[in-house]
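Asker: Dropping a structure here in structure tokens format, bear with me for questions.
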Amino acid sequence: MFGIPANILGSAKETPRSEASAQDIKQSLHAVIATAGKIILGKDQQLKLAVCCLLARGHVLIEDLPGVGKTTLAHVLAKCLGLHFQRIQFTSDLLPADILGASVYNRNSSEFHFVPGPIFAQLILADEVNRTTPKTQSALLEAMEENQVTIEGKTYSLPVPFFVIATQNPNYQIGTFPLPESQLDRFLMRLEIGYPDNVSEKALLKGEDRRDIVQNLQPVISPEQLMALQKHVPSVVVSDALIDYVQTLLNFSREAAFYRTGLSPRAGLALVRAAQAWALLDGRTHTLPEDVQAVLPHVAGHRLVAAPEFRDQSALELASHLLKVAVP
Amino acid sequence: MSQQPSAGRSGAFERFLKRRYVKPGEARLHRRKIFILPTYYGLVFGATLFIMLLGALNYNNNLAFMLTFLLGGVALIATYHTYRNINRLLLRAGRCNPTFAGQPAHFRLIVDNLNGNPRYAVELIANDGSGTRADIPANSLTALELAVPTTRRGRHALGLVTIQTSYPIGVYRAWSYVDPQASCIVYPRPEGLDRAPPPSQSVGAEQGNQHHGTDDFIGFRDYASGDSPRHIHWKAVARGQPIMTKQFSRPESQELWLDWDMLQGTDTESRLSQLCKWVLDAEDAGCRYGLRLPKQVIEQGNGEDHKHRCLEALALFEDVP
Amino acid sequence: MKKRQSYPIANSTLMWLFAALLMAVMPHAPRLPLLVTALFLVFLSWRYMMVIYRWQPLSKISRFALTSLGLAVVYITQGTLIGRDAGISLLIAMLGVKLLEMSNERDVYITIMIAYFLVITHFLYSQSLLTAGYMFVVVVVITTTLIDLNRHEHGGAAQIKSNLQAAGWLMLQAAPFMLFLFILFPRIGGPIWGLHDETRGGTTGLSEEMSPGMISNLSGSDEVAFRVKFDAELPPNPQRYWRGPVLWHTDGQRWKASISGQPPAGRSSLPDFEPLGAPFKYTVTMEPSNQRWLFALDLPGVIPQESALTKDFQLQTVKPITQRVRYDMVSFTEYRTGKISLLERQRALQLPAGVNPETQRLGRRWRAELNNEAAIIDAALRMYATEEFIYTLSPPLLLTADPMDKFLFDTRRGFCEHYSSSFVTLMRAAGVPARVVTGYQGGELNPVGDYLIIRQKDAHAWAEVWLDEFGWVRVDPTAAVAPERVELSINNALSRQGEAVTFDLPIGGKLGELVRKFRFGWDSMNNGWNQWVLNYNEAQQRSFLSNLGLGIESWKDMVIALAIALFSLLGMFGAFILLRNYQSPDPIVRLWKAYCRKLSRKGVWRRPSEGPRAFSERVVTMHPEWAGDVNQITQLYIDIRYANAARQESVRALRNAINRFKP
């Protein structure tokens, strides 16, 4: 059906789930968002998108200035979901083995044994990925894509759930390696956090140290519950009418003057998946054009390449042109 | 499809219509923007009908009357069919990939026919007369491509586009003007000497030293005396492993500076054409190259993006006396 | 100034064109010189080969040579280049040449226009229902060609269908315009310039003269002479004598009205007879005969417009009947005619001296023996009835100076003209004033339209004799030989050379019934066609429009009415075609659009990029009073379209909800 594998298309037959269950999902996820929202003030939308991404088993790229709370966001999410958290600070001399791990010779047992790298965690904060070399970047991205790492011919599975929050500093700096377009595609969404609004910032400044609160956070749901929720996403109904809309969007992105390259079929898949997760977050078992529109700027933004005349538009601005496309 | 009316009079008429009815940007065609007139064939059809009517009257032949009237009815309703064939279409500028002067610029125009019936043989005609024709399926976004010849480098604006149709029977032409504000970057015509520019002096020192480049990590090798301490894999040493040296490589390539000032004594356009050719050659040869223009410097690099950035700089170069 | 974009002509367009031209030309073939048809077909096949095998186009010189060839062929075969027949030949020959030289869009347009024109030329020869139906198909094919020429993408069976459909729709939509133009376009009586002698063509039916074999020739023809609709009941078959030319003068072989050919008795302004029975009232619709007789049941009691009644009761028109005419008649089948004048008596006894001596001798003998007119007639009829006379369609030829003698005393095989002429000769020889009357006898009742059809095969000749106490009395000697003739119709298919005539007995069986039903239905349709379409002329138009009672009287009124009709039709059509811009094949989408239209009438427009939920939220914020309906409709719509809910009942619920919704 329209080149999109059937497994992500839900059908009414397959899942005669009651609305109550969808509401339960909504409630438990909103509890997560609410808890996280107590620490990350005024960023409910970003939190919701991040949770949506998590739900859809995608990874997030956060592109923003230092100090707006990227790290806190990752940390808080990990805490709320009870996920094993690892932070990897990317530097120019970081090697693939530093992330993935390496075989180490053990003198006592006279044999090599594998020492897992920091990637073997459930939630990874890959801080400032653009500081490291392309080689190291691709090691991370391949692991993200395949959910496993292969070292010296042996394959090791990554833990589940596995969720990467990568951050990138947008400022052009000497000695950085911006992620190539082909790699950006691996992230389901690209978020910007932005400065907090006045009220939130005031609360932030007045309140106690965030780090302490984070330390004391209790998980809202368990990783097992999260995985159970993730299983619901593919069965959210995607009707033909919605597929038509997504196709129109893809078609537009490929023809419009704003873009040098349009959205790939993979981007289309990502869009549908993210929209399904968004619908689930909203307590529905079917996907609406509004769901697609909600996630569209974040899913499409980093996958579109601006045409020369529109180079000075930001990724979100570029993607927002797609929102003008008519719903069939 | 249509025969244009005679040049002089309609030229003024067209200018009036364009002034009066065209707004820049994307446009949805509607009642007040669409004009319709009989074509030359419409007049021939009318004349044929008139002769048929005379014959019918003369012979008082009722079947002849019926045929004439039937065709007359067809001629009347064809106005609606022709008009409807472009009514409510939404046109906006689409992509236009850069091109080289002398080669056509392929402007793409997006025809938005969402919630519309199929349209047949819709023609787009650019200001210079180049045109294209296509069928537009129902309920679709369709991109039509207009190939417009270019002669000069720079930003080539598409200008006004006439959208017209004569479907179904060719006796009317319904048309409208749109100004999608589309433009295309036209690179200079690549021409000049084949001789490559001399490699830049700054590169010479690093020639033959690619093993010690700093660009790309390729692996480890055993430590050899004289290796830079910066490249020793200290972490492994710390774990008690043998001393290893990190190896980096850089593509085996020349580094070039393509410099405006190297080309003395020719006019601006020839210089740009020569630089354009060098950029293409350098990219083909896999060199790292940079571009130095009087008011702009593009650092060394390579790849498609880099090439286009250089070419764009050449295309939009403004000669300051 | 923009250059005009020129597109190559697609092969599919050419194929449509070939088909259209073939269809438009071929019905002319029987009327065209063989050479012209052959020339056209050769040129058409040539062009076809050019398309299929990519032959080179012709040089200028060979085109010129072919044009000359075409002109020469037409001139040689037709002897002229002007006039109707030659003109059509020329048109077709030049069409062939045009086909060969056709290279661009313009040529194709011109060829298509010629094809349309060619269709109209067929109507000069035939306006039957069949012709009209066939030509309609031809026009659809020509229009399809025109549409295909204006298409961008070509090829595929789907396109053949869609083009044909488009052409069909155009025709269908143009039909109301045609109807109004047809009714309201002012007609003028005669031709604009009087040239069309040719339309006269050959005369059909009975003529002013009668010679042996003339009527039997007609008896092979199923062509309709006229149709009669009776107001009340029909006269019985033996009384259905449709009176035509009355023949007085004979040279012993042939009969004509008089030596000069003019009716001898002069005109009368009133029917000069005394009716004895009740009148029959009826309407005759007569096919063009290019003759001047109107036919009426013996004897006509009124005189239609633009015609006169002669003293021997023939109805004659002023001009030959070149178009179908319709007239109301009243007839009396029982009558007593007035006095006979001296001149008439003299002419009714005229016999050429020395011709047919045997016959004259027999007549004189009867006069001498019987001396009673009734007895003489009786003797003659008894002779036909009792002796070996045979009624046949193909009598032996009477190649002799005394044909009546040979017929009466030798061959004794004949058709009605033999019997009537020999009978009148005998009567005159016996001194009884007599004359030959030709016309039609009988007719077939069409139960579908409840009218009589009189065909050429019903042509008949009978005699009238003068009896002092009764006036002119009809005597039909054929009835004495073959009484069935006046009871049944001739079955000409079964009448072979020299054999006795058989008659149409009602065919038995279901099949026969079906065939008859079909034939009657078909003729009834034709009759309607003739009455309502072909016969719609100036007079009919005037009476039709005045019967409408809209006060459309003059040309000016018609033009105004026509303009009003066309403008309102155009307006209605425009509203129909434009408002209903795109009908989605999905009923849900149509319903949703209907709902959005309802809201837009209240000034709430859905933005094209707005999803259903966002839209409904906006509507509810703007108009909280509609919340219930809007939420229900939106929920149903989302369920069906985005949640794949069971359709059937939801669709119905949605339709009801939208119908109920009155913002």
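Asker: Spot the failing condition for B:G102; the list is (1) farther than 23 Å from C:P186 by Cβ; (2) surrounded by fewer than 20 Cβ atoms within 10 Å (Cβ to Cβ); (3) out of contact with any strand residue (DSSP E or B) (no Cβ under 7 Å at 6 or more places or on another chain); (4) facing chain C (nearest Cβ under 10 Å), and only one is missed.
Answerer: Single failed check for B:G102: (4).
Asker: Which members of region C:57-99 meet the condition of being over 20 Å from C:L124 (Cα atoms), among the hydrophobic types (A, V, I, L, M, F, W, C) and out of contact with any Ser or Thr (no Cβ under 9 Å at 6 or more places or on another chain)?
Answerer: Within region C:57-99, C:L58, C:I61, C:F64, C:A65, C:L66, C:L69, C:L71, C:A72, C:I76 qualify.
Asker: If you check C:P477 against the conditions, is it under 17 Å from C:R413 (Cα atoms), at pLDDT 65 or above, loosely packed, with under 15 Cβ neighbours inside 10 Å and in the same structural domain as C:P395 (by TED's automatic domain parsing)?
Answerer: no
Asker: Collect the residues in region A:253-266 that are more than 9 Å from every other protein chain (Cβ to nearest Cβ) and buried (at least 21 other Cβ atoms within 10 Å of the Cβ), keeping them in residue-number order.
Answerer: A:S253, A:L263
Asker: For the condition in contact with a Pro (Cβ under 6 Å, 6 or more places away or on another chain), of a type in the set (F, W, Y) and surrounded by 13 or more Cβ atoms within 10 Å (Cβ to Cβ), what is the one hit in C:Y595, C:Y637, C:Y642?
Answerer: Sole residue among the options that is in contact with a Pro (Cβ under 6 Å, 6 or more places away or on another chain), of a type in the set (F, W, Y) and surrounded by 13 or more Cβ atoms within 10 Å (Cβ to Cβ): C:Y637.
Asker: Then there's this: Right, C:T400: of a type outside the set (F, W, Y), assigned to a loop (DSSP other than H, G, I, E, B) and crowded, with 16+ Cβ neighbours inside 10 Å or not?
Answerer: The answer is no for C:T400.
Asker: Return the only residue of C:K556, C:K602 being under 29 Å from C:T621 (Cα atoms) and out of contact with any Lys or Arg (no Cβ under 6 Å at 6 or more places or on another chain).
Answerer: After ruling out the rest, the residue left standing is C:K602.
Asker: Name the one entry in C:D557, C:D586 that is acidic (D, E) and over 32 Å from the mean Cα position of the chain (by Cα).
Answerer: Every option except C:D586 fails the conditions.
Asker: On to the next question. Among C:L172, C:L179, which is part of a helix (DSSP H, G or I), within 19 Å of C:N535 (Cα to Cα), more than 7 Å from chain B (Cβ to nearest Cβ) and modelled with pLDDT under 95?
Answerer: C:L179
Asker: Here is a list of conditions, (1) under 17 Å from the mean Cα position of the chain (by Cα); (2) surrounded by fewer than 24 Cβ atoms within 10 Å (Cβ to Cβ), and A:P308 meets all of them except one; can you say which number that is?
Answerer: Status for A:P308: all satisfied but (1).
Asker: Name the one entry in B:G46, B:G42 that is surrounded by fewer than 19 Cβ atoms within 10 Å (Cβ to Cβ), in contact (Cβ under 8 Å) with a residue 24 or more places away in the chain, closer than 24 Å to C:F117 by Cα and within 11 Å of chain C (Cβ to nearest Cβ).
Answerer: Answer to the selection: B:G46.
Listed here are the residues, each with its yes/no results for (1) among the aliphatic types (A, V, I, L, M); (2) closer than 20 Å to C:P235 by Cβ; (3) touching a residue at least 24 places away in the same chain (Cβ under 8 Å); (4) outside the structural domain of C:W466 (by TED's automatic domain parsing).
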| residue | (1), (2), (3), (4) |
| --- | --- |
| C:V302 | yes, yes, yes, no |
| C:T310 | no, no, yes, no |
| C:F313 | no, yes, yes, no |
| C:V325 | yes, no, yes, no |
| C:A348 | yes, no, yes, no |
| C:A353 | yes, no, no, no |
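Asker: Let me ask something else about it. Name every residue in region C:297-329 that is under 30 Å from C:F123 (Cβ atoms) and small (G, A, S), in order of residue number.
Answerer: C:S307 - this is the single residue of region C:297-329 that is under 30 Å from C:F123 (Cβ atoms) and small (G, A, S).
Asker: Could you give me the residue pairs with C-beta distances under 7 Å whose first residue belongs to region C:451-468 and is within 16 Å of C:K256 (Cα to Cα), whose second residue is small (G, A, S) and assigned to a helix (DSSP H, G or I) wherever it lies, and which are 6+ apart or on separate chains?
Answerer: C:A461/C:S420; C:W462/C:S420; C:A463/C:S420
Asker: Which fully enclosed helices (runs of 4 or more DSSP H) of region C:583-663 have 2 or more residues being of a type in the set (S, T, Y) and in contact (Cβ under 8 Å) with a residue 12 or more places away in the chain?
Answerer: Once the helices (runs of 4 or more DSSP H) in region C:583-663 are filtered for at least 2 residues that are of a type in the set (S, T, Y) and in contact (Cβ under 8 Å) with a residue 12 or more places away in the chain, what remains is C:627-641.
Asker: Let me ask you something else. Given (1) without any contact (Cβ under 8 Å) to a residue 40 or more places away in the chain; (2) under 20 Å from A:K43 (Cα atoms); (3) not in a loop (DSSP other than H, G, I, E, B), identify the lone condition not met by A:S182.
Answerer: So the condition that A:S182 fails would be (2).
Asker: Given region C:247-360, what strands (runs of 3 or more DSSP E) lie entirely inside it while holding 1 or more residues that are over 36 Å from the mean Cα position of the chain (by Cα)?
Answerer: C:273-275, C:335-337
Asker: A further question follows. Taking region A:41-55, which residues are at pLDDT 85 or above and aliphatic (A, V, I, L, M)?
Answerer: A:L47, A:L49, A:A50, A:V51, A:L54, A:L55
Asker: Tally up the residues in region A:269-297 that are buried (at least 22 other Cβ atoms within 10 Å of the Cβ) and either away from every other protein chain (no Cβ under 14 Å) or of a type in the set (S, T, Y) (or both), please.
Answerer: 8
Listed here are the residues, each with its yes/no results for (1) buried (at least 23 other Cβ atoms within 10 Å of the Cβ); (2) at the interface with chain C (Cβ under 7 Å from one of its Cβ atoms); (3) in contact with a strand residue (DSSP E or B) (Cβ under 6 Å, 6 or more places away or on another chain).
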site: B:N60; (1), (2), (3): no, yes, no
site: B:A64; (1), (2), (3): yes, yes, no
site: B:A75; (1), (2), (3): no, no, no
site: B:T82; (1), (2), (3): yes, no, yes
site: B:N85; (1), (2), (3): yes, no, yes
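Asker: Also: Return only the number of the condition from (1) crowded, with 17+ Cβ neighbours inside 10 Å; (2) in contact with a Phe, Trp or Tyr (Cβ under 9 Å, 6 or more places away or on another chain); (3) within 10 Å of chain C (Cβ to nearest Cβ) that B:G131 does not satisfy.
Answerer: Every condition holds for B:G131 apart from (2).
Asker: Right, another one. Applying the selection to region B:280-300, what residues are in contact with a strand residue (DSSP E or B) (Cβ under 8 Å, 6 or more places away or on another chain) and either at positive phi or of a type in the set (D, E) (or both)?
Answerer: B:E283, B:E299
Asker: Shifting gears a bit: Which of the residues belonging to region C:104-123 are farther than 15 Å from C:M26 by Cα and either outside any helix (DSSP H, G or I) or within 10 Å of another protein chain (Cβ to nearest Cβ) (or both)?
Answerer: Of everything in region C:104-123, those that are farther than 15 Å from C:M26 by Cα and either outside any helix (DSSP H, G or I) or within 10 Å of another protein chain (Cβ to nearest Cβ) (or both) turn out to be C:N104, C:E105, C:R106, C:V108, C:Y109, C:I110, C:I112, C:M113.
Asker: Hey, among A:R284, A:R273, A:R266, which residue is under 30 Å from B:C184 (Cα atoms) and not aromatic (F, W, Y)?
Answerer: One residue alone meets the criteria, A:R266.
Asker: Of all residues in region C:101-113 being crowded, with 19+ Cβ neighbours inside 10 Å and either within 28 Å of the chain's Cα centre (by Cα) or of a type in the set (A, V, I, L, M) (or both), which is modelled with the lowest pLDDT?
Answerer: C:M102
The values are calculated or read from the model by the stated rules, or taken from the named source; none is laboratory data. This structure is a prediction, so every number in the text was calculated from the model and none was measured. A quick note on method: Cβ atoms are made from the backbone with ideal geometry, for glycine too, and the neighbour counts reach across all protein chains shown.
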